[in-house]
Amino acid sequence: MKLEIVKSPYFLAGLTIISIFILMALLADVISPYSPVEGVGPPLQPPSPRYLVGTDNLGRDMLSRIIHGSRIMLTIVMIAVCLSGMVGTIIGLISGYVGGVLDRILSFVMDSIYAFPPLILAIALSVALGPSPLNAAIAIAVVYIPTYFRMVRGQVLSIKNELFIEMARALGIPSTRIVLRHILPHLTQTLMVVFSMNSADAILTEAALSFMGLTVQPPTPDWGFDLYKGRGFILAGAWWMLVFPGIMITLLALGFALISEGVSKSASRG
Amino acid sequence: MGLARYILIRGLLIIPTILILYTLVFVVLRVLPGNPVLAALGTKNIPEEQLQAIMKELGLDKPLYVQYFEYLLNFAKGDMGKSMVIRGRPIASDILDRLPATLELSIWAIIFSIAIGVGIGYLSARSGNEFLKAFTRLLGSTVFVLFIPALGLTLQLVFSKWLNLLPTGGRLSAEVFVKPITGLYTIDTLLQLNVMEFVDAVAHIILPAFTLGLVISGPYMRLTLNNMEQVMESKIIVAYRSRGIREERIQRHAFRHVLIPIVTYTGLQFALLMGGAVLTETTFSWPGIGTYLVDKVMYRDYTAIQAVIIVFAIIVGLTSLIVDLIYALVDPRVRY
Amino acid sequence: MKEVLEVSDLWIKYYTLSGVVHAVSGASFQLGKGEMVAVVGESGSGKSTLGYALLNMVPKPGKIVRGQVLLDGVDILKLGPEELRRIRGSKVSMIFQDPFTTLDPLRKLGTQFEEFLIEHGVERAKARAMVKEFLVAVGLPERAMHSYPHQLSGGQKQRVSIAMAVALNPVVMVADEPTTALDVIVQRQIMDLIDDIRKRVGTSVVLITHDLALALERADTIMVMYGGYVMERADKKRLLANMIHPYTKALFESLPRMSQKRMPKFLPGYPPDLRNPPSGCIFHPRCAFAQEKCRSVAPVLNEIARNHFVACHLAGGEQ
């Protein structure tokens, strides 16, 4: 099963894209031509040999800002996805396994949140928590908990039905161990799909929150935030302040989306 | 079960859903440390007694659970509270003023998204060309992950700044006035046969609606394509063909089957549409509930934010109900 | 009597990504007016594919690579798409195994039926009248035309399919496992209906089935297929009296019977992979009587008695 995934062109393309971005984030200090936070040249310069992506209104090199922007984006998104993944999975496991009234209530609550527009809820939560990268990550995490909850709970329920029969026959085996040992292998493939799709969503949500000034503060380089601050200048003609951050956001999200495609395609085949 | 009873039950279920969301937001907004008034006013230099006076005025001195229920009761009566920042200004009137703008944008966006998404999906399915189909699928995925502000700003740059064809933001040009009937300017101007005003309204809505519509259209492409393929292979179609029905007729009948998952999907993705609408409004300075929310967010106007959340919860609940209704109309199997 | 349907040397292959599937290899038979031939075989024997070929409707990636299908003297394999469309439903029709999915669930029965007639040139008013007439003729109330398919039972749906299939008085009706999805009592009713139509209108029927017992009960001629090849073909009486081919005998022996005291004997082994069929006689891997020759040379259909054809070396099927 694992080998088939690697063969999928979508998966490979997505993985390549993500890897490039991760490398970019890790090697940011090394590969950036200039500092991302200091003005190094004349402001609002279009792309040129010296400043490959141009400069912003404060004379900062856009290329360096874009390279460093990957750091904050990936950090926030990774924290958010891991947080919601862990919390959602745990609650889903418990709810699915215990069942009964608890499960019904939890499911209803989760469904209500799931049905609500994620971005709007994230905005409200960000405001309440206060604008900071960590709080943004938490807000995004809360919004996506129901996604993991539903998936994990679904798996638990389907396996619970199978296991009940076995457990009735084989008495005295600690049920928690069975549940964990039998559920986890089934989960991995679905988890990969949800995880990657979730990451793509989280990227777009982070960018959106940044575009509303709810994540970072100046002078931190962030793609969405740069679009927010640069808006006036962009509409006055500074297209390089728009195109490159915009492409980065979409490309990174696309990378995760392709991975999700690739895994789910081979899952349905294999 | 009868259609009426089905609607009633589904309608009633909206209420606990709204409560859950309200509670979540209320808890996060109020329970966290920090005085909301100070946060809203953005300053820490207010004499204590003045602060207390303001809090009393806004009802913030009462215990939390009292505030929780009081707000709900008032909301049910139509009073959404008063803005914390612009003191004394009722929130309900602001929101209701802006609701038609968001509605208009959303409707146009859905029209665009279905036209683009289903159109491309249908055409690529009919073509039978495998490359075209694979391309359509890829296109669908890519379009869906476009960053709305980036797309929006690009279109504004191209059409507003460089080509000077379309306006940059807002719903109408400064000099134009439309007498509101529904609040949806494109319709109102048509109803009153004001051609100039109609053109102005369309010119203002076309870029935001297209931006949002294009992004939302992605899944429709894939959905339509996959379902057309499935249906065309299905036994129903084979049976039609064995009876010697013309190919075009068969396509039309096939399409009706494809319509069902499209309707279902529209209902499911409505939440995404709302989020996208907020982002689109922000990008184009479109005066809807989205920009209202973002403005209030800037100033930490908690009461207003609460109100907006509840309003959105109501909208989402109602629309999913409507979608279920449409579904029942399209598929006779659900009715009986 | 001139045969209404003559199938000669039909070869059909599916060109799939995992290889060429030899679905039908050299099938031939004739059908007279009002007669029923039963094409009997397991899944994968090629019987359904053969059925589709009789309407020149073999689904992609299938292709009819050789042979003739003469319907009232006209080779339908040579017709253009428009001519084909015209004869489908009117000169040759088909009813399917699963009535649930062969009637459009989103449209009323009357509407579907009328559309079918109108597409074949019947004018609207007459079409409406015909719909009522035929629904009653197959034993349904007139008001069924205002119902949706899901409001009818399986048997009733099948009746509607049959009504449509005979409304334009086709020469041949192909029935692909028409009763498999129905319960036993309804099965009988449907088969009685088909017999009734044969007698009254003279429609010839190609019955595709895996049920040898059903075939022996109802058909005039029986054609046993295996792995795409015709193993044995004979009129019913002759076959009952004298089954020659080992496969036919095995099929017969696997039928449970009231009079027997022993358990039915089932044929061991699996159906062949048609992308990579065995050499020689396609049945030889499962044949209890296989000889050296069977492994290397494929037998041809030989007329060993009047109207009794067998493809087996042990019955004189030499080249």
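Working only within segment B:236-248, note down all residues that are facing chain C (nearest Cβ under 7 Å) and among the charged types (D, E, K, R). The answer is B:Arg241, B:Arg243, B:Arg246. Residues of segment C:94-107 that are free of Cβ contacts under 8 Å to residues at least 60 places away in the same chain and touching a helix residue (DSSP H, G or I) at 6+ places or on another chain (Cβ under 6 Å): C:Thr101, C:Thr102, C:Leu103, C:Asp104, C:Pro105, C:Leu106.
The set of residues from segment A:127-140 being in contact with a Ser or Thr (Cβ under 8 Å, 6 or more places away or on another chain) and at the interface with another protein chain (Cβ under 8 Å from one of its Cβ atoms) is empty.
When the residues of segment B:150-180 are filtered to those that are of a type in the set (S, T, N, Q) and more than 9 Å from chain A (Cβ to nearest Cβ), which remaining residue is surrounded by the fewest Cβ atoms within 10 Å (Cβ to Cβ)? Please lay out each step first, then the result.
From segment B:150-180, those of a type in the set (S, T, N, Q) are B:154, B:156, B:160, B:164, B:168, B:173; that's our starting set.
Going one step further and asking which of them are more than 9 Å from chain A (Cβ to nearest Cβ), we end up with B:164, B:173.
Working: B:Asn164: 8, B:Ser173: 13.
Of everything passing the filter in segment B:150-180, B:Asn164 is surrounded by the fewest Cβ atoms within 10 Å (Cβ to Cβ).
With a requirement of 3 or more residues that are under 27 Å from C:Thr102 (Cα atoms), charged (D, E, K, R) and out of contact with any Gly (no Cβ under 8 Å at 6 or more places or on another chain), the helices (runs of 4 or more DSSP H) lying completely within segment C:153-268 that satisfy it span C:184-201. One residue alone among B:Phe112, B:Phe147 is modelled with pLDDT of 90 or more and either surrounded by fewer than 17 Cβ atoms within 10 Å (Cβ to Cβ) or within 14 Å of chain A (Cβ to nearest Cβ) (or both), and that residue is B:Phe147. Among residues of segment B:224-248 that are without any contact (Cβ under 8 Å) to a residue 24 or more places away in the chain, those with a Cβ under 6 angstrom from a residue that is outside any helix (DSSP H, G or I), sequence gap 6+ or separate chain, pair up as B:Ile236/C:Asp104; B:Ser242/C:Leu55; B:Ser242/C:Arg88; B:Ser242/C:Met94; B:Arg243/C:Gly89; B:Gly244/C:Arg88; B:Gly244/C:Gly89.
Tell me, yes or no, whether segment C:121-141 has at least one residue that is of a type in the set (Val, Ile, Thr) and part of a helix (DSSP H, G or I). Yes, segment C:121-141 contains a residue that is of a type in the set (Val, Ile, Thr) and part of a helix (DSSP H, G or I).
Tell me whether segment A:105-126 contains one or more residues that are assigned to a loop (DSSP other than H, G, I, E, B) and more than 7 Å from chain B (Cβ to nearest Cβ). Please lay out each step first, then the result.
Step one: list which residues in segment A:105-126 are assigned to a loop (DSSP other than H, G, I, E, B), which gives A:116-117.
This time we only want the ones that are more than 7 Å from chain B (Cβ to nearest Cβ), so: none.
No, there is no match, as no residue in segment A:105-126 is assigned to a loop (DSSP other than H, G, I, E, B) and more than 7 Å from chain B (Cβ to nearest Cβ).
In this structure, A:Met73 does not qualify as in contact with a Pro (Cβ under 7 Å, 6 or more places away or on another chain), assigned to a helix (DSSP H, G or I), surrounded by 18 or more Cβ atoms within 10 Å (Cβ to Cβ) and within 14 Å of chain B (Cβ to nearest Cβ).
Look at segment C:72-86 and say how many of its residues are out of contact with any strand residue (DSSP E or B) (no Cβ under 6 Å at 6 or more places or on another chain) and more than 7 Å from every other protein chain (Cβ to nearest Cβ). Explain how you work it out, then say what you get.
Taking segment C:72-86 as the starting set, the residues that turn out to be out of contact with any strand residue (DSSP E or B) (no Cβ under 6 Å at 6 or more places or on another chain) are C:72-74, C:78-86.
Filter again for more than 7 Å from every other protein chain (Cβ to nearest Cβ), leaving C:72-74, C:78-84.
Final tally of qualifying residues: 10.
Quick test of your reading of the structure: B:Ala307 fulfils all but one of (1) among the hydrophobic types (A, V, I, L, M, F, W, C); (2) buried (at least 20 other Cβ atoms within 10 Å of the Cβ); (3) closer than 30 Å to A:Phe233 by Cβ. Name the failing condition by number. Against the list (1) among the hydrophobic types (A, V, I, L, M, F, W, C); (2) buried (at least 20 other Cβ atoms within 10 Å of the Cβ); (3) closer than 30 Å to A:Phe233 by Cβ, B:Ala307 comes up short only on (3).
Would you say C:Met223 is crowded, with 16+ Cβ neighbours inside 10 Å, in contact with a strand residue (DSSP E or B) (Cβ under 6 Å, 6 or more places away or on another chain), under 25 Å from C:Ala305 (Cα atoms) and not hydroxyl-bearing (Ser, Thr, Tyr)? Considered against the rule, which asks whether it is crowded, with 16+ Cβ neighbours inside 10 Å, in contact with a strand residue (DSSP E or B) (Cβ under 6 Å, 6 or more places away or on another chain), under 25 Å from C:Ala305 (Cα atoms) and not hydroxyl-bearing (Ser, Thr, Tyr), C:Met223 comes out as yes.
Every listed requirement among (1) surrounded by 17 or more Cβ atoms within 10 Å (Cβ to Cβ); (2) under 14 Å from the mean Cα position of the chain (by Cα); (3) aliphatic (A, V, I, L, M) is met by B:Leu268 save one, (1). You will find that of C:Val138, C:Val160, the residue that is within 14 Å of another protein chain (Cβ to nearest Cβ) and in contact (Cβ under 8 Å) with a residue 12 or more places away in the chain is C:Val160 and no other.
Any idea which residue in segment A:207-249 is nearest to the other protein chains (Cβ to nearest Cβ), counting only those that are charged (D, E, K, R) and not in a loop (DSSP other than H, G, I, E, B)? Explain how you work it out, then say what you get.
Quick first cut of segment A:207-249, residues charged (D, E, K, R) only: A:222, A:226, A:229, A:231.
Adding the requirement that they be not in a loop (DSSP other than H, G, I, E, B) leaves A:226, A:229, A:231.
On the way: A:Asp226: 11, A:Lys229: 12, A:Arg231: 7 Å.
Taking the candidates together, the pick is A:Arg231.
Cβ-Cβ contacts under 8 Å between residues 6 or more apart (or on different chains), taken from a first residue in segment B:293-322 that is on the phi < 0 side of the Ramachandran plot and at the interface with another protein chain (Cβ under 9 Å from one of its Cβ atoms) to a second residue that is assigned to a helix (DSSP H, G or I) and among the polar types (S, T, N, Q), are listed as B:Val294/B:Thr282; B:Val297/A:Ser126; B:Ala313/B:Thr17; B:Gly317/B:Thr17.
Would you check if A:Asp111 is in contact (Cβ under 8 Å) with a residue 12 or more places away in the chain, over 17 Å from A:Phe195 (Cβ atoms) and surrounded by fewer than 17 Cβ atoms within 10 Å (Cβ to Cβ)?
Working: in contact (Cβ under 8 Å) with a residue 12 or more places away in the chain: yes; over 17 Å from A:Phe195 (Cβ atoms): yes; surrounded by fewer than 17 Cβ atoms within 10 Å (Cβ to Cβ): yes.
The answer is yes for A:Asp111.
Give the residue, chosen from C:Val65, C:Val24, that is crowded, with 21+ Cβ neighbours inside 10 Å and away from every other protein chain (no Cβ under 14 Å). Quick ask: steps written out before the conclusion?
On the way: C:Val65 fails: crowded, with 21+ Cβ neighbours inside 10 Å.
Checking each option against the conditions leaves just C:Val24.
Here's the yes/no breakdown for (1) crowded, with 19+ Cβ neighbours inside 10 Å; (2) in contact (Cβ under 8 Å) with a residue 24 or more places away in the chain; (3) of a type outside the set (S, T, N, Q); (4) in contact with a Leu (Cβ under 7 Å, 6 or more places away or on another chain):
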{"residue": "A:Met86", "(1), (2), (3), (4)": "no, no, yes, no"}
{"residue": "A:Leu93", "(1), (2), (3), (4)": "yes, yes, yes, no"}
{"residue": "A:Ile123", "(1), (2), (3), (4)": "yes, yes, yes, yes"}
{"residue": "A:Pro146", "(1), (2), (3), (4)": "yes, yes, yes, no"}
{"residue": "A:Phe149", "(1), (2), (3), (4)": "yes, yes, yes, no"}
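Taking the condition within 29 Å of B:Thr319 (Cα to Cα) and either without any contact (Cβ under 8 Å) to a residue 60 or more places away in the chain or of a type in the set (Gly, Ala, Ser) (or both), does A:Leu106 pass? Spelling it out, A:Leu106 is indeed within 29 Å of B:Thr319 (Cα to Cα) and either without any contact (Cβ under 8 Å) to a residue 60 or more places away in the chain or of a type in the set (Gly, Ala, Ser) (or both). Residues in segment C:231-249 that are closer than 21 Å to C:Glu35 by Cβ and in contact (Cβ under 8 Å) with a residue 24 or more places away in the chain: C:Met231, C:Glu232, C:Arg233, C:Ala234, C:Asp235, C:Arg238, C:Leu239, C:Leu240, C:Asn242, C:Thr248. Residue check: C:Gly89 meets all listed conditions (1) touching a helix residue (DSSP H, G or I) at 6+ places or on another chain (Cβ under 6 Å); (2) within 14 Å of chain B (Cβ to nearest Cβ); (3) closer than 26 Å to B:Val258 by Cα but one, namely (1).
The values are calculated or read from the model by the stated rules, or taken from the named source; none is laboratory data. Because the structure is a prediction, the values reported are computed rather than measured. Note that each Cβ is placed from the backbone with ideal geometry, even for glycine, and that neighbours are counted across all protein chains shown.
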